[in-house]
1. Could you tell me how many degrees, from 0 to 90 and to the nearest 10, lie between the Cα long axis of helix 214-230 and the main elongation axis, the longest principal axis, of the Cα atoms of the chain?
2. Could you tell me how many degrees, from 0 to 90 and to the nearest 10, lie between the Cα long axis of helix 29-39 and the main elongation axis, the longest principal axis, of the Cα atoms of the chain?
3. What angle, in degrees between 0 and 90 and rounded to the nearest 10, separates the Cα long axis of helix 147-156 from the longest principal axis of the Cα atoms of the chain?
4. Based on DSSP H runs of at least 4 residues, each adding -39500 (n - 2.57), what is the mean residue ellipticity at 222 nm of the chain after dividing by all its residues, to the nearest 500 deg cm²/dmol?
5. Given an 8 Å cut-off on Cα distances and at least 6 residues of separation, report the relative contact order of the chain as a percent.
6. Test of understanding: express the Cα radius of gyration of segment 19-151 as a ratio to 2.2 N^0.38 Å, with N the residue count.
7. Over what distance in Å are the Cα centres of segment 92-135 and segment 154-209 separated?
C-alpha cells in the first residue's frame, strides 16, 4: 500500500493541510458522548485513524493507530503515542480489544472492506464508526456556495450500508446532531456561524477543501462575504443562528458481534 512521505495512507496529505488542524478540530464532548455510549463498558479500546487523539475516551485503555507522522506528532503529551499502521493491516491479534472506534477516517481508507474486516477481527465487542452519510450532505447550506466541496465529500464518504455490511454483526445507525457551538470544526459545525468559513485555515481543517482549486476558495469567500453583507444569507438561512442543533450528515454506525 503506497503511503505519502509523512506516512499518510489516504487521499488527503496531512503534512500539507494539517498545520492548524488541532486549532480548529477540537473534540466536542456532546458528540463524544455518543461514542462513549456506543462503546458501552469496553475497557480496552482501539482507535484507528486516530489523528491527534480527538474523542479518545480518557477513562479507557486506548491503543491508537495513525499512519501520518505529522498527525502523530500533534498528539498531546498526556495521550499514549500512536502506532504507525493502517486500518487494512492492523498489527494486533484476533479479538485483542474489547471495543474499537474510528472518527472521520473511513473515507480515507484505501480499501474500506479490508479495513472494516480488520476492525472486526481484532475487536470482540462494539465497533463505533463516526462518519458522514453522503446522502445527507446537501442538507447543509454550503451546497449553495461551494457545491464542488459537497460533491467531493459525497464521492469520498462510503455509504452507511457499505460500512454496516463490512462490519457485519448486529448494526445500527444513529444520527448525531451538531450543536450550535460545536468545537469540532468540520464543515457542518459552522451551520450557524458562516463567518467562520471565511477563514482559510478553518476550511483546510476540513480535508475536502484541499481537493478543490484556489478558484473555488476565492469564489466561495467572495460570494459568502457579499451575501453576509447584503443580508441574503440571513434571509435564506438566518433561522439557523437560533437553532440549537443541526440534523445534518453526521452519523454513528455501531456494530455489535452476533450473540450466540
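1. Roughly 60 degrees between the two axes.
2. 30 degrees
3. 10 degrees
4. Rounded to the nearest 500, the figure is -8000 deg cm²/dmol.
5. 22 percent
6. 1.08
7. 17 Å
All of the numbers you see were taken from the coordinates with simple rules; none came from a lab. Not measured: the values here are computed from a predicted model.
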